[in-house]
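Below you'll find the structure, written out as structure tokens, and then a few comments.
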Amino acid sequence: MQLYQEQTLRISNSLTGKKEIFKPINEGHVGMYVCGPTVYSNVHLGNCRTFMSFDMIFRYLRHLGYKVRYVRNITDAGHLVDDADEGEDKIAKKARLEKIEPMEVVQRYTVDFHYILDQFNFLPPSIEPTATGHIIEQLGIIKEILEKGYAYEVNGSVYFDVKKFNEKYEYGKLSGRKLEDMIANTRELAAQSEKKNPQDFALWKKAEPQHIMRWPSPWGDGFPGWHLECTAMSTKYLGETFDIHGGGMDLKFPHHECEIAQAEASNGHSPVNYWMHANMLTMNGKKMAKSTGNNILPGEIFSGENDILSKPFTPSVVRFFMMQAHYTSILDLSNDALLASEKGYHRLMDAIDNLKDLPTAEVSNFDIPEWRQKCYDAMNDDFNTPILIAHLFEGVKHINLIKEGKEKITDADKVLLQQTINDFVFDVLGLEHKTESNQDSNKLQGVVELLIQLRNEARSNRDFATSDKIRDQLSAMGIQLKDGKEGTTFSVS
Ligand SMILES: [Zn+2]
């Protein structure tokens, strides 16, 4: 018996606007696709929030006993600066500005992306495919869409015919838009445009002579349109219809709308049963944007090197902060909010430290099985992590009362309490308890301070052989002493 057979999970489906009971296509298996990053710059904290929401969802599905195939792509070609299929490729532009190869840009920021996600304790996806690794599959889909009559070729580029598609299918159903309204609200196409209608989007773009990232095709050298890669990779690894497709709210239109259109035009049916969208992160009440400077990188939070912060915050504290909001709500980041989360995080971890030494008794005052089920109920209700955390703090309250001798717990209940904390705090929320390394660094600090004190004593006794020995041997271990007006300080390299 697997947990998913006992628990009823409901998911907010962006396609229907309803919270629906989750029923996978193949019992016990879940296929999930999440749009990954375009690797042309350091990953934003807002993107981290989106990916963290799906990491938590992945973790909970696995916890329930599902075998999950989680595909999250890397966009390494085809994403243009301008959403209207014009302008430079984002990666090629960065490569031109930095005078390096596009694939050097891709490598640099893919490594950064993985490094940051690792610090946040993300689980790796099951497959992480790249757009450039799936050009053949993308060409195959373009040919199918052309054969079915939903695309047209102009001067070496191929465009999706949205108007034609809308005669049989429904363009705009995910974002709740009507094609007639879109047409009424858009300006006329520029005279030089190759598109029949402004809503049409590129499946394949002809590469201008200076465009470095190019591949041969039946229509000449070019590169794929951005929306196409996700259709190609999700179909290849999860099938023509799969369970969950996720991404940031900003991708709903046009990106996900176009993915649906491409899949329906080539296969004749809807590609995804549950569409899920994670909401955005704001900072001090305003939208985060590089252009306004209202922006922060994950590394700046870990080091504290940003004007909005009074101190650094660990990745686990930031993760706890993000889990305190429901993934479909807007979350606002501020120094005060992080300070409050840090306090809460330590309160939770302190209680976990006290858990193993709790005395047991013949009876329990606290109904642990009922409390455990409340934790499941929260997660079953569209992954409601803030409610889950409220229940976990209910547990913290009882742990503290038992420790103070004001409440009792049986042996069996203590085991279940410990199991529940492990399941939800570490397995599902993905938090880490870093006290060991904290304790180690406290011990290191104490030991070095003791040596500094001994060195000072040696120096005041004019025993320079000993004082130099302490300094040199610490230096050989990578610990540098620095003598200043305020006394001696040290740094570890
Ligand atoms: Zn995508």
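The values are calculated or read from the model by the stated rules, or taken from the named source; none is laboratory data. Bear in mind that the values here come from a model prediction, so they are computed numbers and not experimental data. No Cβ is skipped: glycine too gets one built from the backbone with ideal geometry, and neighbour counts run over all protein chains shown.
Some values worked out for this structure:
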item	result
Criterion: in contact (Cβ under 8 Å) with a residue 24 or more places away in the chain, more than 15 Å from the ligand (Cβ to nearest atom) and within 30 Å of Arg214 (Cα to Cα) - qualifying residue of Lys67, Lys93	Lys93
From the options Asp357, Asp307, Asp350, Asp332, residue that is assigned to a helix (DSSP H, G or I) and acidic (Asp, Glu)	Asp350
Exclusive hit being within 21 Å of Phe320 (Cα to Cα) and modelled with pLDDT under 90, set Ser441, Ser437	Ser437
Selection status of Arg455, more than 38 Å from the chain's Cα centre (by Cα), surrounded by fewer than 16 Cβ atoms within 10 Å (Cβ to Cβ), outside the structural domain of Leu331 (by TED's automatic domain parsing) and basic (Lys, Arg)	no
Among the residues listed as Gly176, Gly222, the single one being loosely packed, with under 14 Cβ neighbours inside 10 Å and either closer than 24 Å to Val71 by Cα or away from the ligand (no atom under 16 Å from the Cβ) (or both)	Gly176
Residue match in the range 16-36 (condition: part of a helix (DSSP H, G or I), in the same structural domain as Phe201 (by TED's automatic domain parsing) and surrounded by fewer than 21 Cβ atoms within 10 Å (Cβ to Cβ))	no
Tally, over the range 288-338, of residues that are among the hydroxyl-bearing types (Ser, Thr, Tyr), closer than 29 Å to Asn13 by Cα and modelled with pLDDT under 95	0
Every pair of residues 6+ apart whose Cβ atoms lie under 8 Å, when the first sits in the range 466-478 and is within 12 Å of Ile452 (Cα to Cα) while the second is aromatic (Phe, Trp, Tyr) and not in a loop (DSSP other than H, G, I, E, B)	Leu474/Phe490
Test for Gly133: is it within 16 Å of the ligand (Cβ to nearest atom), closer than 29 Å to Ile25 by Cβ and either among the polar types (S, T, N, Q) or touching a helix residue (DSSP H, G or I) at 6+ places or on another chain (Cβ under 9 Å) (or both)	yes
Residue match in the range 138-156 (condition: within 16 Å of the ligand (Cβ to nearest atom) and not hydrophobic (A, V, I, L, M, F, W, C))	yes
Qualifying residue in the range 204-211 (condition: crowded, with 23+ Cβ neighbours inside 10 Å and either within 15 Å of the ligand (Cβ to nearest atom) or more than 30 Å from Asp332 (Cβ to Cβ) (or both))	yes
Tally of residues being within 44 Å of the chain's Cα centre (by Cα) and part of a helix (DSSP H, G or I) across the range 458-493	4
Close pairs (6 angstrom Cβ cut-off, 6 or more residues apart or separate chains): closer than 14 Å to Tyr159 by Cα in the range 215-238, in a helix (DSSP H, G or I) anywhere	Pro224/Gln138; His227/His255; His227/Cys258; His227/Glu259; Leu228/Gln138
